[in-house]
Amino acid sequence: MTSPSREEVDAKLKTIETKVDGRLAAIALTLESGISSLKTAMDAQFARFEATLHKSQADTVKRVVGIVLILGTIGLAILTFLFNKVVAKAPTVAPPIVITLPSPPNAIPDNSSSSWTSPTRKESR
């Protein structure tokens, strides 16, 4: 067996180096495209997640405001009821009863001198 010359070894190394460089370039291209597509997919997922998060937050705020308004209204109604029914009210004083009698006539005619007599009254003469 003869040992290869320096030029043959260099040529063989050059060929191997070219093959390795090509393969590394293909691997780098595959990784870059994979990372790029992964980044695009993750951005889309984060955008959907963010939209869902904002919608959930808005719904939660609406529910909390609604609950606070309902509880405030119920509390106000209860307090109004209690103040109207439980708090002792001062007794209402009834207005005095006024009886109006007709005023007596100024002159009462004297029936004794009259010629007219009552049918129920019998005179003895």
Item to complete: Calculate the spin-label point distance for SER5 paired with ARG63, positioning each point 7 Å from the Cα along the beta-carbon direction, and give it in nanometres.
Response: 8.5 nm
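Counting other Cβ atoms within 10 Å of each Cβ, which trypsin sites (Lys or Arg not before Pro) in the range 48-96 have at most 12 and sit in a DSSP loop?
Here the trypsin sites (Lys or Arg not before Pro) that fit, given the DSSP loop and packing criteria, are LYS89.
Since every read-out is calculated from the coordinates, none of them should be taken as a lab result. Given the structure is predicted, the values throughout are model-derived calculations rather than measurements. Cβ: placed from backbone, ideal geometry, glycine included. Neighbour counts: every protein chain shown.
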